[in-house]
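Report on one structure; see the data block that follows.
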């Protein structure tokens, strides 16, 4: 009889469970992705399909679309677990909340952001981004999207017990996303004009580690508030 | 000091104490603001570069400092509410947030009015302007989250967490003029060294600042009374108060 799961096992169990749930509900993965593609297409149509204009706005548009599609997918992070009561069971378990929350956020990132990162070069090509910017776009998305998931999880945890949390969530979370947006678009723009962008990337990495360490505690506190 | 502070954790005592403070705050704010604004708007010299438009500074800078200071005090209240479970700290957050949002809006609007003659534009995506706008969004988020909960005590805890998370924006606003070399001028009064402005302008500014600070305190106290009453509406002392006011 195993009295308590080790932290590693607990992390793995939750991660696999959430990934399995995500794979069974393919809409949850596909819809934010389709949204991401459609928003970018709308920008290209709405602004006017002139290659040099598209080239200028490409980093910003791709990043804003990534922010919005992340926001769209965040709802499912805790909502279903909250409704069927398994969230309370998880919080009652002897395993620290930090580990559980980190596993759930990691599963969310794998399900939502990784497909988005893989699709990004295609859309960058549609937006006529300069080829020098591709690597920067990939790296900023790789380092930046986990920050979006981590910070977004705080907002979801705060609003999970509310009936109409969706719109409120965007008001709470989007202001916190702005530093990442500024740094990431600046990095891609610098790279597209073949300037060095390692400085921006280093700050994004610093933000990533800072939010990786602090956000799960805030999420844990917020979940305890929401579940009472 | 703890013994001295302890009775004020009782809502009734805090209510009566705050009620006594408000008239004092009102009087002090009225005196300081009338003297400070008169000195600032009529007597202080015009700036050698910016001319008469510099006078908006006596409203703009106090509002900007207060917008950040009030957010910080709200975050401190949030910290106290989470760590020591103080019910009154919850009421304080709900009292501070709209006042802070108003001062942020004043700072943004007066800044725009000042920017038009000086920079030739109402708005520019300058680092400090952007971060001050984000501060406004953070305040609005706190207010919206507070309104979204039916259960006030549960909502208050959520709001405390959000207020604490948002505090990360404050150093960004404060240092934005030093980190990024943009259109907004550097700090002139909110630095530790001697202020880089003439005394004839500095003294009216300080008087104005404290005038606005007392005005904000008075408004917060007034809102705090309302919050305390709403949260304790079933207590006997509130009922007594209500019947006494009616009778």
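Working note: Cα gyration tensor of the protein assembly as shown, eigenvalues times five, square-rooted, sorted largest first, giving semi-axes of 41, 34, 17 Å. Using the rule -39500 (n - 2.57) for each DSSP H run of four or more residues, divided by the residues of chain A, the 222 nm mean residue ellipticity is -29000 deg cm²/dmol.
Looking only at A:115, A:216, A:51, which one moves most when chain A is put into a Gaussian network model with springs between Cα atoms under 10 Å? Greatest mean-square fluctuation among the candidates belongs to A:51. Taken as Cα centroids, segment A:78-157 and segment A:29-44 sit 17 Å apart, rounded to the nearest whole angstrom. Take each residue of peptide B:225-237, count the partner chain Cβ atoms within 10 Å of its Cβ, and average: the result is 0. Here the spin labels are modelled as points 7 Å beyond Cα on the Cα-Cβ line, and at residue B:24 and residue B:153 they lie 3.2 nm apart.
Summarise the partner chain shielding of A:209-218 as one whole number: the mean count of Cβ atoms from other chains within 10 Å of each residue's Cβ.
The per-residue average across the peptide is 1.
What separates the Cα centres of segment B:54-128 and segment B:149-168 is a distance of 18 Å.
Would you please put A:139-148, B:218-227 in order of how densely packed they are, using the mean number of other Cβ atoms within 10 angstrom per residue and starting with the highest? It would help to have the intermediate numbers written out before the result.
Working: A:139-148: 23.5, B:218-227: 19.1.
Going from most to least packed, we get A:139-148, B:218-227.
All Cα-Cα distances of chain A, cut into 5 Å bins from zero to the largest, leave 1, 7, 14, 18, 19, 15, 11, 7, 5, 2, 1, 0, 0, 0 percent in each bin in turn.
Working note: Debye formula, equal point scatterers on the alpha-carbon atoms of segment B:60-144, no solvent; log10 I(q)/I(0) at q = 0.14, 0.17, 0.26 Å⁻¹ is -0.51, -0.68, -1.20.
The distance between label points at residue A:38 and residue A:13 comes to 3.9 nm (points 7 Å beyond Cα on the Cα→Cβ vector).
Inter-chain Cβ neighbour count for A:169-175, averaged per residue, equals 6 (cutoff 10 Å, partner chain atoms only). With a simple spin-label model that places each label point 7 Å from the Cα along the Cα-to-Cβ direction, the separation between residue B:239 and residue A:79 comes to 4.3 nm.
Helix A:7-24 axis versus longest C-alpha principal axis of chain A: approximately 60°, rounded to the nearest ten.
Taking the number of Cβ atoms within 10 Å of each Cβ as an exposure proxy, the fewest-first ranking of A:95, B:80 is B:80, A:95.
Just so you know, all these numbers are worked out from the coordinates, no wet-lab data involved. All figures in this text were calculated on a predicted structure; none of them were measured in a lab. Quick reminder, even Gly has a Cβ in these numbers, built from the backbone with ideal geometry, and neighbours come from all protein chains shown.
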